Amino acid sequence: MGIHGGRQHTQEDDHYNTNLYIPRINSEENSAKVSRQRNETIVVEVLIVGFDGFDEYRIPLFPLLLIIYTVTCIEDILIISLIWKSPHLHSPMYFLISNLLLCEFVGSTGVEPSVLQNILWGRSIVPYVDCVLQMNVVLAVLVFETFLLTLMSYDRYLAICQPLRYAALMNIRLCLYLVISFWLFSAVVVAIFFYFFMCLKFCAPVIIYYFFCEFTAFSIPVCVMSNAKPLVIYGWVISYLLNLPFGLIVLSYIMIIISILRIKSSAGRQKAFSTCSSHLLVVSLYFGIPFASYVVSFTAIISDSIYTALSFIYYLVLPMLNPIIYTLRNQDIHKALKISVNDMKEYCAAKRHSR
C-alpha cells in the first residue's frame with residue numbers, strides 16, 4: 001500500500017540532485033559527455049523525504065513509534081513462545097497464528113528501524129541496494145501473509161462448515177508444507193523483482209516522498225522505458241495473482257456466514273461466530289485499509305496527511321494490534337499464559353531456596 005505524495009520539488013532537492021549524482025564537468029567542449037553521463041547515470045543512493053513538513057511532530061512521533069515497535073516485538077515473541085511451549089495449543093489454527101505473528105515480526109523489523117531513523121533526520125540517504133532489499137522484504141511479507149490468511153480462512157471454513165472432516169482435512173503437517181511453499185513462492189517473487197530493479201538505469205536521482213522504501217511509492221524516471229516494461233508487467237501479474245486469495249477468503253466467509261445462519265440456537269450461532277470473529281477482523285483490516293487509501297486517493301479534498309496516517313496504521317500499528325485481536329478473548333492463550341507464569345514463579349522460588 002503506497003502513498004504517492006503530492007509534495008513539490010524544492011530548491012534543496014535540486015541542489016541534492018545536482019551535487020549527488022551529476023559529475024561536475026565545467027568545460028563546454030565536454031557538454032556532450034555530460035549529457036551521455038546524465039543519460040547513463042546508475043543510481044547508487046536514494047533520498048527519502050517522507051517526513052519533510054512534519055518537523056513539529058518528530059519529537060512525539062519517535063517515542064510513540066519506538067513504543068509501538070517494542071510492544072509489537074514483545075507480543076509476537078511471547079505468543080509464539082506460548083504456542084510452541086504449550087501442548088494444548090499444538091493445533092493447525094495456532095500453528096498458523098504463530099506463523100502469521102512471525103511474518104509480522106519480520107515485516108516490522110524490516111520497516112520500523114528505518115522509519116525511526118528517518119524521523120530523527122527528517123530526510124535520509126540510503127544505498128539503492130538497501131532500498132530495493134527493504135522493498136523486497138515488505139513485498140515478501142505481504143505475499144506470504146496474503147496466502148497465509150487465505151489458508152487460515154479455509155481452516156475456519158472447515159472448523160465451522162465441515163467439523164466432522166476437519167481432523168482428516170487439516171493437520172499441522174499439511175500446514176507446515178503449505179507454509180513452506182508460501183515462503184518459497186514469496187522468495188521467488190521478490191527474487192524476480194530484485195533482478196528487475198537492479199537492471200534498471202535512471203536518468204535522474206531517485207527521491208521517495210514516503211517514510212520508507214515501498215514499492216508503490218517508488219515512482220522514478222527510467223531512462224530507457226523498455227527496461228522498465230518487464231518490471232511493470234510483472235508487477236501487474238503479481239497484483240492480479242493476489243486477487244485470487246482475496247476471492248477465496250470472501251468465498252470462505254460467505255460459506256461460513258451461511259452455515260452460521262443455519263444454526264437454530266442463538267448460543268450455537270454465537271459460539272460458531274466467536275471461532276472466526278478474530279480472523280475476520282484481522283482480514284478486514286488487512287484488506288480494508290489499502291482499499292480505503294486507494295478510494296480516498298481519488299478525492300482531491302483529502303490531504304496527503306490522510307494517506308500517511310493510513311500507511312502508518314497499516315505498516316506500523318496493525319502488526320501491534322493483530323496479536324491483541326487474536327488473544328484478547330482467547331481462553332486457550334490465557335490458560336497457557338497462566339501456566340507459564342506459574343512455572344516461572346515456581347522456578348524463581350526454587351532458585352531462591354537453593355541458595
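The values are calculated or read from the model by the stated rules, or taken from the named source; none is laboratory data. If you're wondering where the values come from, they're calculated on a predicted model, not measured in any experiment. Here Cβ is always computed from backbone atoms with ideal geometry, including for glycine, and neighbour counts include all displayed protein chains. For accessibility, only protein heavy atoms count, side chains too; no ligands or nucleic acids. Shrake-Rupley method; radii C 1.70, N 1.55, O 1.52, S 1.80 Å.
Round to the nearest 0.05 the FRET efficiency obtained for residue 130 and residue 306 when R0 = 30 Å and r is the Cβ-Cβ distance. The partial results should precede the final answer.
Numbers: r = 29 Å, r/R0 = 0.96.
For residue 130 and residue 306, the calculated efficiency is 0.55.
On a straight-distance basis, which lysines could pair with residue 271 in a cross-link, Cα separation under 27 angstrom, same-chain partners fewer than 8 positions away excluded?
Here the lysines satisfying the reach criterion relative to residue 271 are 85, 335, 338.
Of all accessible surface on the stretch 241-355 at a 1.4 Å probe, what whole percent is carbon and sulfur?
Details: 5060 of 7410 Å².
Answer for the stretch 241-355 is 68 percent, counting heavy atoms of protein chains only.
Percent relative contact order of the stretch 131-213, based on C-alpha pairs within less than 8 angstrom and at least six residues apart?
Working: 31 pairs, mean separation 46.0, N = 83.
Normalised by residue count, the contact order of the stretch 131-213 is 55 percent.
Within the stretch 123-155, which residues have the backbone N less than 19 Å from the label spot 7 Å out from residue 57 along Cα→beta-carbon, could you tell me?
Answer for this model: 123-124.
Can you give me the C-alpha center-to-center distance between the stretch 261-287 and the stretch 96-151, rounded to a whole angstrom?
About 30 Å separates the Cα centre of the stretch 261-287 from the one of the stretch 96-151.
List, largest first, the extents of the alpha carbons of the stretch 118-171 along their principal axes, each in whole Å.
Result for the stretch 118-171: principal-axis Cα extents of 57, 21, 12 Å.
Based on the Cβ-Cβ distance of residue 346 and residue 236, what FRET efficiency does E = 1/(1 + (r/R0)^6) give at R0 = 56 Å, to the nearest 0.05?
Working: r = 58 Å, r/R0 = 1.03.
So the FRET efficiency works out to roughly 0.45.
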